[in-house]
Structure formats: C-alpha cells, structure tokens
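The values are calculated or read from the model by the stated rules, or taken from the named source; none is laboratory data. Predicted model only: the values in this text are computed from it and were never measured. Positions of Cβ are backbone-derived with ideal geometry, glycine not excepted, and every protein chain shown enters the neighbour counts. Please note that ligands, DNA and RNA were not included when accessible areas were found on the heavy atoms of the full protein model with its side chains. Shrake-Rupley method; radii C 1.70, N 1.55, O 1.52, S 1.80 Å.
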Amino acid sequence: MVAVDVTGDHRLTDGGVWFRMEELGRVSAARRSAELLAGQMGFDTERVGALAIVVTELASNLVKHADDGLLLIRPARAGKVAGVEVLAVDSGPGMDNVLSSARDGYSTAGTLGIGLGAISRQASWVDVFSMSGKGTVTAVQVWPAEPPELYWAAGVSRPMTGEKACGDGFAVRVVDGRRQVLVCDGLGHGPLAAAAAAATVHAFQVAPAVRPAAVIEHLHRSVSHTRGAAAAVAELDLEAGLVRYAGLGNITGTLMDGPDRRGLVSLPGIVGHQRRTVREFDYPMPAGACLVMHTDGVTDRWRLADYPGLQRRSPQVIAGTMLRDAAVRRDDACVLVARTTP
C-alpha cells in the first residue's frame, strides 16, 4: 500500500488532498474539507449535505473495516460545471460480492451495514472494484445538478512519503475534437518538482489543437523556466481506431486489450531542457481497449489480468487500484487511464 503523509488543513487544489484514515477523528476532518470544497463549487445546502454523508460513510468504513485506508477529495470538472470526486482506497480485507455489500443491513463486522447503500443514494455516480484479500477502491462523484457524461479518462497522483507537494501530474482535454491526455514527472521531488509539473499541465491545457508531437514541442518551449519534466501526450482517435503517442523521458505508456499488452515508445529527453527530435507513433486501439500511462514512481510489473473484471471499471477505479498496488513509497507516483468508451 502507498504511504501518504498529509493532513486535513491543506488547500484543496484540483489535485485534491489525501487523508490517511487511521482513526475516527480523521472522519470529521475529511468531511469538513469536502464541505468547504462543495461551498467553493457553488453547491446548495442539500447537495452539500449529500456530499457530507458520502464522505462520512466512506471515511468511517475505512477506519472501521479496512487496512491502510486512504481517502482522496478533489474537484471534478466537466466544461463549466464543477462537482466533487471522492476516491476511497484500502488494502483489505475486500469484498467477495459488492452488490450484496451495498444492500442496507449487510455487514461484515457486526455494524449496521448501511454505508454503501447510503452512498449510492446520495451520490451522482459510484463505481467500485473489490477483491477478497486485495482490498477495495471506490470512486464517488457528487454534482450540484445532473451529472455530466462519464469520464473517458482520469488519473490519480500522490506525493512520496514525507512530502506534501507532488512532482507528478496529469491532465485530460478535448479541444477541437481531439481527445488528448498528458502525464508528466517534474525532475526531482518537492516544491520545485511540483512547480515544474504544474507548469507542464498548464502549458498542455492552453496548447493549440495539434497532434501530440507538436504539443510536446509546445510544452518544451513553455516550461524552460522550470527544472523540466518527463512528459508524454497521447491522443485517442476513435474514428481511426488509433492512439497517437509522443513522449520525452521516463513516462510509461501501455495499451491493454484484454490479455494483450503493448508498450508505447517515449524518447530520451527532458521537456524544457534537453530535447532531441520529437517523434510521434501511431498504434491500433480497438474498441474496448484502454491506455495506461504512469510515471517511474509506479513499477511496470503490474498485470491487469491479476484483477478479473478491473479493465471494465471506470478509469478512476483502475488508476486508483494500480496506484495502491504498484506505486513505490520512495517516489512521487501518477497513473492515468484512458479508454475508447466510458
């Protein structure tokens, strides 16, 4: 399980805040931060209350029933509409039957057992993956009104043990019909690495609607004032059935199609400082496949085949599961998952 040293008094940015759920006192800290974020997002009193119930139930479940429970609270954005996303991650004991566990009255520890049922009723969207002995990852979104379409891509990042600033970042955008994603790793650790990653994310968000190699060129010119970053950009062309990919530095990209796994090519270099000729590669991406990108804070020894049914879950849940089981404690870590269908 990853180790994250955070407290509840951090400013809630789009990267969110991780809470280690070791005692019941942390439940109220997580709830207060979620309520504060909901107020900033313009939620009315009813929706703030719904979010408070969701966070309280998720956090309480982690404290009472889970091993190494972590809770991430962050904004969720869709165009001009903003909601709140909560990701609960633990390393056990896991559930054999999620549907049964979601019924009111079901409990594995002699408690009332209304947690998952209450969460489902209050949330706008819920997705869960659980394996007995491995643990559970639950993603929940609460929106002020009708929820937007399901995400086709999502990422999760966290700082290394002992750090509060994360030097790894990700971003998702759709511009002029181009579905593009970014994963980046600011050189080193701490605030300067985080600043490099933040500059790379911003440059990606405002980049022109061009192919991935040209986006990388734009990033290189835009972040020269920072210490630089490894970065990779992928574009999912659903009509052509392709993913276009360009990267500099140690970002891992992998295409998953059922049991088939194909690595994508990133070239040596540092965005913002050391750049060779940027090359773009095209790879077939059939319907139902998913793209996994991660920084070197995540080992490449993971296998989705070890998690039956996980590839059919949401990008948030896939990324959270991988971060839990494949991230290393001595480095910042980031995982992004994109797919051809939500």
Tally of residues being open to solvent by 50 Å² or more (accessible area, probe 1.4 Å) and over 18 Å from Lys64 (Cα atoms) across segment 127-150: 5
Result of the Cβ filter at 7 Å on segment 171-198, keeping first residues that are in the same structural domain as His273 (by the TED database) and among the basic types (Lys, Arg) and partners that are modelled with pLDDT of 95 or more and in a loop (DSSP other than H, G, I, E, B), at least 6 apart or interchain, is Arg178/Ala209
Leading residue by the ranking (most open to solvent (accessible area, probe 1.4 Å)) among those in segment 45-77 that are of a type in the set (Lys, Arg) and more than 26 Å from Pro159 (Cβ to Cβ): Lys64
Taking the residues in segment 261-287 that are under 30 Å from Ala305 (Cβ atoms), of a type in the set (A, V, I, L, M, F, W, C) and within 24 Å of the chain's Cα centre (by Cα) as candidates, determine which candidate is surrounded by the fewest Cβ atoms within 10 Å (Cβ to Cβ). Ala287
Mind checking which residues of segment 199-233 are basic (Lys, Arg) and in contact (Cβ under 8 Å) with a residue 12 or more places away in the chain? Arg211, Arg227
If you check Arg301 against the conditions, is it closer than 19 Å to Leu87 by Cα, out of contact with any strand residue (DSSP E or B) (no Cβ under 6 Å at 6 or more places or on another chain) and among the basic types (Lys, Arg)? no
Of all residues making up segment 173-217, the number that are open to solvent by 60 Å² or more (accessible area, probe 1.4 Å) and within 15 Å of Ala234 (Cβ to Cβ): 4
Count - residues of segment 27-51 that are over 23 Å from the mean Cα position of the chain (by Cα), part of a helix (DSSP H, G or I) and over 10 Å from Val84 (Cβ atoms): 4
Per the filter on segment 52-96, residues in a helix (DSSP H, G or I) and either within 16 Å of Gln141 (Cβ to Cβ) or in the same structural domain as Ala326 (by the TED database) (or both) are Ala52, Ile53, Val54, Val55, Glu57, Leu58
